[in-house]
Amino acid sequence: MHRNSPQIHHPVPQRPVQVPVMQSPPPPSHSSDPYDNPYGAPSYANMGGHQQQHHPQPGQNAGGGYPQQFTTFGQGANFFSDPMAAQMGFNVARAAMSGGTDFAEKNMNRYLSSLKPFFAVTNTYVLRKLSILLNPWRHAPWSRQSTSRSSSSRPGESETIYLPPREDLNAPDMYIPLMSFVTYILLSSLLYGLSGTFHPELLGYTASSAMGSVVFELVVLKLGCYLLSIGNSQLLDCMAYSGYKFVGVIVTILAKACLGAGWLSRGIFVYAYAANAFFLLRSLKYVLLPEENDAGYAGQRQMRKRRTWFLFGYAYVVQLVFMVTLTSGVGKKA
């Protein structure tokens with residue numbers, strides 16, 4: 001016999017339950033395009049009747065907008081929409097470009113003005129200079145001629161300058177070295193073509209080897225002038241004297257092409273080398289061995305002796321190495 005279980009009674013609330021009143025969402029904006037405001041959250045009230053939860057993207061705040069730095073960028077992008085600001089920017093850019101152009105023209109004019117006297121030559125000068133390069137034994141005098149003029153940097157004072165090549169036969173020029181350099185490249189290419197071994201790379205190889213020899217020779221010359229405290233050696237003068245050896249190199253190459261690699265062509269090479277060395281020895285004497293009033297002191301005599309040996313080594317040893325290098329192997333068959 002089972003006992004009856006007591007009945008379970010649910011608790012009766014003692015206070016009335018207040019049901020919260022649901023409010024409808026706010027009405028959508030007047031614009032039907034949800035992408036009108038790119039910095040706010042789009043409304044999806046009219047799209048399918050379902051509301052979607054908006055998740056803020058990285059860089060956005062909870063309200064859907066972007067931080068202040070992004071909004072200010074959009075405002076700064078309208079800088080050139082202001083006519084006055086745009087005109088100010090154009091004026092600044094024009095002033096900067098004008099200043100750069102003036103600076104470039106000033107430097108270019110300065111370089112061109114320093115190179116211009118080296119090309120002030122005449123036909124008579126070129127012919128007489130070539131005759132001296134090939135037969136310097138009886139030429140005299142070797143000293144350069146100078147003149148006085150009013151100084152442009154110091155008004156009221158005079159300065160001494162050397163005469164240009166067209167007025168002084170002993171003045172160095174750039175015309176003959178430059179034309180000899182180009183002729184050496186073209187002549188070497190012609191001989192390679194006649195021997196059947198020409199290819200376009202030989203032009204660059206010949207030009208680079210010739211230019212390398214000139215650069216290395218200038219480095220040796222300027223280094224010697226620095227170590228021997230020779231302060232009156234100009235770079236353009238040294239470059240001009242360095243390029244005169246191409247005249248003897250061209251004569252040697254033509255002799256080898258016409259006479260073959262025999263004793264006669266070797267004798268012509270020895271003559272061209274000796275003529276170039278003697279020419280440099282006599283011309284550079286007034287550059288590397290300037291006259292000094294106190295040359296009687298023992299220290300000055302020792303320094304002059306060192307400069308003389310350096311001049312002799314440059315004119316004979318250095319020139320021999322480069323002339324042999326430039327004339328060997330030109331136009332040979334593979």
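Provide the FRET efficiency to the nearest 0.05 for the VAL317-ASN135 pair, computing r from the beta carbons and using R0 = 35 Å.
For R0 = 35 Å, the calculated efficiency reads 0.95.
Please compute the length gained on full extension between VAL182 and SER195, using 0.36 nm multiplied by the number of residues separating them and subtracting their Cα-Cα distance.
2.6 nm
Solvent-accessible area per residue for the range 129-329 at a 1.4 Å probe radius, Å²?
Averaged over the residues of the range 129-329, the accessible area is 55 Å².
For the range 228-253, list residues with backbone N below 19 Å from a point placed 7 Å from the Cα of ARG306 toward its Cβ?
228-233
What is the gain in length, in nm to one decimal, between LEU127 and TRP263 on full extension, counting 0.36 nm per residue of separation less the C-alpha to C-alpha distance?
Result for the pair: 46.1 nm of gain on full extension.
Restrict the search to the range 237-286; then list the trypsin sites (Lys or Arg not before Pro) that DSSP places in a loop and that have at most 13 other Cβ atoms within 10 Å of their Cβ.
Within the range 237-286, no trypsin sites (Lys or Arg not before Pro) qualify (loop, at most 13 other Cβ atoms within 10 Å).
Using the basic label-point model (7 angstrom from Cα toward the beta carbon), what is the SER158 to VAL219 distance in nanometres?
Inter-label distance under the simple model: 4.4 nm.
How large, in percent, is the carbon and sulfur part of the accessible surface of the range 170-281 at a probe radius of 1.4 Å?
Here carbon and sulfur together make up 75 percent of the probe-accessible area.
Would you mind calculating the gained length between ASN91 and TRP142 on full extension (0.36 nm times residue separation, minus the Cα-Cα distance), in nm to one decimal?
That works out to 12.6 nm of additional length.
The values are calculated or read from the model by the stated rules, or taken from the named source; none is laboratory data. These numbers were taken from a predicted model, which means no experiment stands behind them. FYI the Cβ positions are ideal-geometry reconstructions off the backbone, even for glycines, and counts take in every protein chain you see. Just so you know, the surface numbers come from the protein's heavy atoms only, side chains and all, with ligands and any DNA or RNA stripped out. Shrake-Rupley method; radii C 1.70, N 1.55, O 1.52, S 1.80 Å.
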